[in-house]
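Structure first, then comments.
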Amino acid sequence: AIGMTLFIGCLGLQWALLLEGWMRGAGMQMSFNVVSFIQANRATAAVLVSFGALLGKTTPLQVLVLTLCELVFVIINKVFILNRLGVWDVGCTMSVHVFGAFFG
């Protein structure tokens, strides 16, 4: 379980950084700072919440697919909640915890 959690953390952080950069319209030239790493960690937390429900039942390949697919939907959900609905999501309750619980 610890190895899978570290795997999700490493892969998820990198994938979330790329996805959030593309969603901002950065194209192939992206600049990263501390804020972008914090946002990527929050997106990866949703995958870890989902993985908690699937712990012990998944293979590493399934965890890989879960991480790559779920992060796409987490970022889209976050953009929709924050930009379209204009919701003030303090502590990422809706965009991380609720989404991760429903997705898992």
When every residue in the stretch 1-29 that is over 27 Å from GLY52 (Cα atoms) and outside any helix (DSSP H, G or I) is compared, the one nearest to the chain's Cα centre (by Cα) is ARG24
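Right, LEU48: more than 15 Å from PHE103 (Cβ to Cβ) and either without any contact (Cβ under 8 Å) to a residue 12 or more places away in the chain or surrounded by 14 or more Cβ atoms within 10 Å (Cβ to Cβ) (or both) or not? Step through it out loud before you land on a result.
Details: more than 15 Å from PHE103 (Cβ to Cβ): no; either without any contact (Cβ under 8 Å) to a residue 12 or more places away in the chain or surrounded by 14 or more Cβ atoms within 10 Å (Cβ to Cβ) (or both): yes.
In short, no.
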Sort out which residues of the stretch 51-66 are within 16 Å of GLY100 (Cα to Cα), among the β-branched types (Val, Ile, Thr) and surrounded by 13 or more Cβ atoms within 10 Å (Cβ to Cβ), and write them in order of number. VAL63
Selected residue (only one of PHE37, PHE80, PHE32 is more than 12 Å from the chain's Cα centre (by Cα) and part of a helix (DSSP H, G or I)): PHE80
Criterion violated by ILE81 - all others in (1) more than 17 Å from PHE103 (Cβ to Cβ); (2) modelled with pLDDT under 85; (3) open to solvent by less than 60 Å² (accessible area, probe 1.4 Å) satisfied: (1)
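Hey, does the stretch 61-75 have a residue that's in a loop (DSSP other than H, G, I, E, B) and of a type outside the set (Gly, Ala, Ser)? Spell out how you get there, then give the answer.
At the first step, the residues of the stretch 61-75 found to be in a loop (DSSP other than H, G, I, E, B) are none.
Within the stretch 61-75 (the criterion being in a loop (DSSP other than H, G, I, E, B) and of a type outside the set (Gly, Ala, Ser)), the answer is no, since none of the residues qualifies.
The values are calculated or read from the model by the stated rules, or taken from the named source; none is laboratory data. Please read these numbers as outputs of a predicted model, since none were measured by experiment. For neighbour counting, all protein chains shown are included, and Cβ atoms are generated from backbone atoms with ideal geometry for every residue, glycine included. Keep in mind that these areas ignore ligands, DNA and RNA; they rest on the heavy atoms of the full protein, side chains included. Shrake-Rupley method; radii C 1.70, N 1.55, O 1.52, S 1.80 Å.
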